[in-house]
Amino acid sequence: MFWSMTEDTLTYIWIQIESLDIEYWKWVAWMIYPVILSFLLPLIIPILVYCCAIFLHVYQYRHRLRDAYVHDFWDGAKKTVAVFWEAQGRIWHGFEIVGLDRIPDSGPAMIIYYHGALPMDFYYVMAKCLLQKQRQIHAVGDNFLFNIPGFRLMMDVFCISPGTVHSCAHVLEDGHILAIAPGGVREAQFGDEYYQVMWGNRYGFAKVAISTKVPIIPMFTRNIRESLRTPGWGRSSLRWLYEKCRLPIVPIYGLFPVKLTTYFGPPIYPDESMTPEELAQKVPNKVLLLNKYLYLQS
């Protein structure tokens, strides 16, 4: 049935393409492109102004960055990148964090968060923690990220790994903060403005929390789906294709300048009597409660 519909759709598209008068549309494009350029070229000015604003924001941290580079080359590089993201989030989204004090100044903890179309909010949180708490958050990233040319070094510098139960436990045992979005790429691509979590049967994070006895801190960012969105059309076909290839194939649009506010909920302390499945059910409920609370407050 699916392949029949696909063949009919492709046949219809091909017929429409063959019926196009290419020369006519080339003439239309030649006629209207000066008009399009006249609207696009002025955008260069606000882009340049925005870049200047970010540069000045980075520059005001020059003394702190200079000291960081003297102490350690990669520490300086990380803080420079963190200042860039902190500036971008503050200027474009008015980004704020509520409950940052719930992230411990020392010792291990696990952050569990809802995954937007792109995890911009997590970039901002990582930058805030690095600059304000002097703590590097370790994170679990999808496997495809490590196959993108040029990304390997960035993954290593910012302590992002594919993440197994054993490696995650090792990170926490070493006293670090570990961030995981159990919904991953599936939730990023196929979630919507209703913010339903799509964690399925993923409870590896619960196994790690129980074995290491670290607190779980739920995180949710208001309006993350309103800033970056994925199209609603063709979801069933794209979902089927994603399950086959496990690659991000859904287009993303937006980056609208909406207000983003990240909220950290009260820590959840694992009970040794709980099974990983029970704990894995409790955590998304806390994330959804944060979302519901914010909705009622709006």
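Computed from the coordinates by the stated procedures, all read-outs in this text should not be read as laboratory data. None of the values given here were measured: they were computed from a predicted structure. Cβ coordinates were reconstructed from backbone atoms using ideal geometry, including for glycine residues, and neighbour counts include every protein chain displayed.
Just to check I understand the Karplus step: with θ = phi - 60° and J = 6.51 cos²θ - 1.76 cosθ + 1.60, what whole-Hz values come out for the stretch 219-236, glycine and proline as x?
Rounded to whole hertz, the list is 9, 9, 10, 5, 6, 4, 7, 7, 7, 10, 10, 10, x, x, 7, x, 5, 5.
With N residues in the stretch 67-225, what two-decimal value do you get for its Cα radius of gyration over 2.2 N^0.38 Å? Walk me through the numbers before you get to the answer.
Numbers: Rg = 15.4 Å, N = 159, 2.2 N^0.38 = 15.1 Å.
The reported ratio for this selection is 1.02.
Under the rule of at least 5 residues apart or a separate chain, name every residue whose amide H is placed under 5 Å from the amide H of I177.
HN-HN under 5 Å from I177: A109, H138.
Using amide H atoms built 1.01 Å from N in the peptide plane, name the residues 5+ places from I217, or on other chains, whose amide H lies under 5 Å from its own.
Under 5 Å from the amide H of I217 lie the amide H atoms of M110, I111, I112, I268, each far enough along the sequence or on another chain.
Residue farthest toward the positive end of the dipole of the stretch 45-202, with Cβ of Lys/Arg at +1 and Asp/Glu at -1: which of L145, A87, A181?
Positive-end residue among those listed: A87.
Cβ neighbours within 10 Å, averaged per peptide: list 76-86, 215-225 in order, most packed at the top.
Numbers: 76-86: 19.5, 215-225: 22.3.
Packing proxy ranking, top to bottom: 215-225, 76-86.
Explain nothing, just the number: dipole magnitude of the stretch 101-164 about its Cα centre with +1 on each Lys and Arg Cβ and -1 on each Asp and Glu Cβ, in debye rounded to the nearest 20.
Values: 5 positive and 5 negative charges, 20 e Å.
That gives the stretch 101-164 a dipole magnitude of about 100 debye.
Set the Förster radius R0 to 45 Å, insert the Cβ-Cβ distance between H166 and E226 as r into 1/(1 + (r/R0)^6), and round the FRET efficiency to 0.05. Intermediate values should be presented prior to the final figure.
Numbers: r = 38 Å, r/R0 = 0.83.
E(calc), rounded to 0.05, equals 0.75.
Using the beta-carbon distance between M154 and L56 and R0 = 25 Å, what value does 1/(1 + (r/R0)^6) give for FRET efficiency, to the nearest 0.05? Intermediate values should be presented prior to the final figure.
Details: r = 25 Å, r/R0 = 0.99.
Taking R0 as 25 Å, the efficiency between M154 and L56 is 0.50.
Using the Kirkwood formula on the Cα atoms of the stretch 192-252, what hydrodynamic radius do you get, in angstrom to one decimal?
On the way: mean 1/r = 0.0688 Å⁻¹.
Across the stretch 192-252, the inverse of the average 1/r is 14.5 Å.
With N denoting the number of residues in the stretch 118-193, provide Rg(C-alpha) divided by 2.2 N^0.38 Å, to two decimal places.
Numbers: Rg = 12.9 Å, N = 76, 2.2 N^0.38 = 11.4 Å.
Cα Rg divided by the expected 2.2 N^0.38 Å: 1.13.
Stretched out fully, how many nm does the piece from E243 to R66 gain, at 0.36 nm a residue minus the Cα gap? Please list the in-between numbers first.
Numbers: separation 177, 0.36 × 177 = 63.72 nm, distance 4.65 nm.
Here the segment from E243 to R66 would lengthen by 59.1 nm.
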